[in-house]
1. Going through region 57-73 one residue at a time, which ones are assigned to a helix (DSSP H, G or I) and out of contact with any helix residue (DSSP H, G or I) (no Cβ under 8 Å at 6 or more places or on another chain)?
2. Suppose the filter is surrounded by 13 or more Cβ atoms within 10 Å (Cβ to Cβ), within 10 Å of the ligand (Cβ to nearest atom) and over 28 Å from residue 134 (Cβ atoms); does residue 259 pass it?
3. Quick one: residue 130 ticks every box in (1) more than 10 Å from the ligand (Cβ to nearest atom); (2) surrounded by fewer than 21 Cβ atoms within 10 Å (Cβ to Cβ); (3) not assigned by TED's automatic domain parsing to the domain that holds residue 281 except a single one, so which number is it?
4. Of these, 211, 280, 204, which one is surrounded by fewer than 18 Cβ atoms within 10 Å (Cβ to Cβ), away from the ligand (no atom under 11 Å from the Cβ), under 26 Å from the mean Cα position of the chain (by Cα) and within 26 Å of residue 132 (Cα to Cα)?
5. For region 214-233, give me each residue that is within 15 Å of the ligand (Cβ to nearest atom), more than 20 Å from residue 278 (Cβ to Cβ) and either at pLDDT 95 or above or part of a helix (DSSP H, G or I) (or both).
6. I need the full set of residues from region 254-281 which are assigned to a helix (DSSP H, G or I) and modelled with pLDDT of 95 or more, in order please.
7. Within 16 Å of the ligand (Cβ to nearest atom) and either touching a residue at least 60 places away in the same chain (Cβ under 8 Å) or under 27 Å from residue 263 (Cβ atoms) (or both): which single residue out of 75, 118 fits that description?
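The values are calculated or read from the model by the stated rules, or taken from the named source; none is laboratory data. A quick note: this is a predicted structure, and the numbers were derived from the prediction, not measured. Ideal geometry is used to build each Cβ from the backbone, glycine not excepted, and the neighbour counts take in all protein chains shown.
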Ligand code: B12
């Protein structure tokens, strides 16, 4: 039996796959490429490299040009339990290191941790599996008195700068839907909005991230002017839910633009009702899928 697991394009746009062939109870992996057969008007596969017995293949067996492809590596990991363990250890280590370097206020080291992580994994996993849980721990440790308020502030500032640096490095086509991200008056947390801006930009959306302390009237004016396809409201503090409900209502009174409401304050079992749809705790990777399903109104 032959299974094609993943398609990857390298810089010269060559499509490569990992193909598995089962012989008795063992799986053997091949790196194959797609070649166009113009006579038959169909594509055929050619073996680029025989990789070996699935459970024994390691990263170094992959030709260098495909070696850092996160998806190829994740397919490998799925065939190789030892590799999965290594990846779990790498995630745990990155979390511990990031916690330490954020609370030490060491931006340069945080950038290094980010760069090393995304070499093996990807940006959305860095945000979902490393930054968010680490920020959560920082919040908990501050709440329980294990971290001083000064240390929490230093860590928050470094995290904010780190996300800005990542944001400045990314680009996207901007040809998908126009997304506006805003917060209700009083909400000072915006790292979540910056992460959303970064990820949605990579995914090709055109993002307007309004930042904090923007009066509701200015948000309304902006919506009328830029006509976003979807408005995202981010709420972190439960005390800001009422202001968020007022903001959603105000937007709904003058525009049909779909509104999604999310953020830490809404990651609870029975979230309150809004003019719009509340999105509970979601992986970053699922947010573009949710946005794509919303019909355009403009
Ligand atoms: C950093 C931080 C701050 C920084 C904010 C800096 C900044 N520029 O943003 C500062 C120091 C200013 C701050 C202030 C306060 N904070 Co604070 N803060 C945090 C902390 C540690 C991290 C937040 C963060 O950045 N997370 C990382 C991002 C990436 O995650 P995220 O915000 O959840 O966003 C993701 C998702 O939720 C989702 N998402 C977000 N919005 C939306 C919207 C939509 C539509 C969708 C689909 C998805 C989505 O996508 C994002 C990316 O994955 C949290 C701890 C925690 N558990 O979150 C406490 C925390 C939120 N803060 C808390 C508190 C109490 C406060 C203060 C009241 C403290 C005080 N006494 O002054 C003030 C309030 C300020 C205000 N009025 O808003 C509490 C809230 C408690 C509660 N009741 O829930 C927390 C939980 C800490 C704690 N454990 O006690 N804080």
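1. As a first pass, look at region 57-73 and keep what is assigned to a helix (DSSP H, G or I): 59-61, 64-67, 70-73.
Within region 57-73, 61, 64, 65, 71 meet the criteria.
2. Values: surrounded by 13 or more Cβ atoms within 10 Å (Cβ to Cβ): yes; within 10 Å of the ligand (Cβ to nearest atom): yes; over 28 Å from residue 134 (Cβ atoms): yes.
For residue 259, the condition - surrounded by 13 or more Cβ atoms within 10 Å (Cβ to Cβ), within 10 Å of the ligand (Cβ to nearest atom) and over 28 Å from residue 134 (Cβ atoms) - is met.
3. Evaluating residue 130 over (1) more than 10 Å from the ligand (Cβ to nearest atom); (2) surrounded by fewer than 21 Cβ atoms within 10 Å (Cβ to Cβ); (3) not assigned by TED's automatic domain parsing to the domain that holds residue 281 leaves (2) as the failure.
4. Values: 211 fails: away from the ligand (no atom under 11 Å from the Cβ); 280 fails: away from the ligand (no atom under 11 Å from the Cβ).
It is 204.
5. Hits for region 214-233: nothing passes.
6. Going through region 254-281, the residues assigned to a helix (DSSP H, G or I) turn out to be 254, 264-266.
264, 265, 266, listed by residue number.
7. Working: 75 fails: within 16 Å of the ligand (Cβ to nearest atom).
Step by step, each of 75, 118 is checked, and only 118 is within 16 Å of the ligand (Cβ to nearest atom) and either touching a residue at least 60 places away in the same chain (Cβ under 8 Å) or under 27 Å from residue 263 (Cβ atoms) (or both).
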